[in-house]
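Please treat every number below as a calculation from the coordinates, not as lab data. Computed from a predicted model, the values in this text were never measured in an experiment. Quick reminder, even Gly has a Cβ in these numbers, built from the backbone with ideal geometry, and neighbours come from all protein chains shown.
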Amino acid sequence: MTIKPTTDNEMILKELNDAMMQVPVYVARDVNKRLHDWFEAGGLENSHYVRTQINFLKMIGAAKELCV
């Protein structure tokens, strides 16, 4: 059973989680550290920075698929 996100922030975090599942572990850890620092500094889930990190993960995931 899949739980549907109900808020924009939940949708962003679900998209982030899905993108992290498509990349090598070391890439996911790096992005996780960046986002942890961002949130600790008061950054929000719906910020441009988080969207940029999601796009980065998607690009790495797509490149990984091309190399296999």
In Å and from the alpha-carbon atoms only, list the Rg and Dmax of the chain. 12.5, 38
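Rounded to the nearest 0.05, what FRET efficiency do Ala63 and His36 give with R0 = 30 Å and r taken as the Cβ-Cβ distance? Could you check? Working shown, then result.
On the way: r = 24 Å, r/R0 = 0.80.
Approximately 0.80, to the nearest 0.05.
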With θ taken as phi - 60° and the coefficients 6.51, -1.76 and 1.60, list the Karplus ³J(HN,Hα) couplings across the range 43-58 in order, rounded to whole Hz; mark glycine and proline as x. x, 9, 5, 8, 8, 4, 4, 5, 4, 4, 5, 4, 4, 4, 4, 5
Taking the dipole about the Cα centre of the chain, with the C-beta of Lys and Arg at +1 and of Asp and Glu at -1, give me whichever of Gly43, Tyr26, Gln53 is farthest to the positive side. Tyr26
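How large is the charge dipole for the chain, taken about the Cα centre, if only the Cβ atoms of Lys, Arg (+1) and Asp, Glu (-1) carry charge, to the nearest 20 debye?
Details: 8 positive and 9 negative charges, 37 e Å.
It comes to approximately 180 debye.
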